[in-house]
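Just so you know, all these numbers are worked out from the coordinates, no wet-lab data involved. Note that the coordinates shown come from a computational prediction; the quantities given were computed from them, not determined experimentally. We place every Cβ from the backbone using ideal geometry, glycine too, and count neighbours over all the protein chains shown.
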Amino acid sequence: MGTHTLKVLIIDDHVVVRRGVKQILEETFPHVEIGEADTGREGLAAVQQQSWDLAMVDISLPDQSGLELLRKLRDTAPQLPLMVLSLHPEQQYAVHAFRAGAMAYLTKQAAPEELAKAVTQVLSGRRYVTASLGERMAGNLSKGPADPNHHTLSKREFEVLVLLAQGQSVKKIAGSLALSVKTVSTYRARLLDKLQLSTTAELIRYALDHHLVE
């Protein structure tokens, strides 16, 4: 009696992924209740409507960037632990995810044991960094200037870069991020300057070359 039920919200538009994560959690934690959302909007509504012990967020959601959603979730429920489970390699998105409020970043290729370990550590209030990411981050600290240019971008600049690379227009990006067209155009100009590029086509090529979009 009195055993706490672990409440985990999985925000991912892939049913198979949600089912797999749910199975791993149910095998690892004896008392767990799983909530599911397949869009960022549904996930945010679920957090606004009830309390959760953990939210797991995908980077690529059909209606918005997972990075944007992380920030919204952090603003809505500051105490809610957040972690990312994504198809994207950790070297591309992990730093930005941590800056946006995530306490762990795992790829969907991670072993079930590692997922369970990450969840346990995040629930204890500690950030979980994979061994490979830890080594890479330590290497980056020693190399410094050799880091890819996109690592210097702000979270918002990075989001605009990804959306541009996905072929979205400035007007559509403005609508999805609740910004003015002028502001998005300013971000685009800043991206070209920071990444030392000249055109939107070059931005798209840069994002593809660095595996920032699929």
Item to check | Translational diffusion coefficient (Stokes-Einstein; Kirkwood radius from C-alpha pairs) of the range 148-209 at 25 °C, 0.890 mPa s, in µm²/s | outcome: 216
Next on the checklist: What FRET efficiency comes out for residue 5 versus residue 181 if R0 is 35 angstrom and r is the Cβ-Cβ distance? Round to the nearest 0.05.
Outcome noted: 0.15
Checklist entry - Given the pairs 22/108; 72/108; 72/155, which are separated by over 18 angstrom at their Cα positions? => result 72/108
Checklist entry - trypsin sites (Lys or Arg not before Pro), restricted to the range 80-132: which are DSSP loop and have at most 10 other Cβ atoms within 10 Å? => result none
Checklist entry - If each of residue 13 and residue 132 carries a label point 7 Å out from its Cα toward its Cβ, how far apart are those two points in nm? => result 2.5
Checklist entry - Antiparallel DSSP bridges in the chain: what percent, to the nearest 5? => result 5
Next on the checklist: Can you give me the long-range amide H partners of residue 35? Hydrogens built in the peptide plane at 1.01 Å from N, cutoff under 5 Å, separation of 5 or more residues or another chain.
Outcome noted: 8, 9, 10
Checklist outcome for this item: Taking N as the residue count of the chain, its alpha carbon Rg divided by 2.2 N^0.38 Å gives 1.05
Checklist entry - Roughly how tilted is helix 155-165, in degrees to the nearest 10 and between 0 and 90, from the longest Cα axis of the chain? => result 70
Next on the checklist: Quick check: the angle from helix 90-99's long axis to the longest principal axis of the chain, C-alpha only, nearest 10 degrees?
Outcome noted: 80
Item to check | Relative contact order, percent, the chain [alpha-carbon distance under 8 Å, six or more residues apart] | outcome: 15
Item to check | Folded to 0 to 90 degrees: helix 181-194 orientation relative to the chain principal axis, Cα | outcome: 80
Checklist outcome for this item: Here the range 58-66 yields Karplus 3J(HN,Hα) values (6.51, -1.76, 1.60; θ = phi - 60°; whole Hz; Gly and Pro given as x) of 8, 6, 9, 10, x, 10, 6, 6, x
Checklist outcome for this item: Taking a straight Cα-to-Cα line shorter than 17 Å from residue 172, and setting aside same-chain lysines fewer than 8 residues away, one finds 182
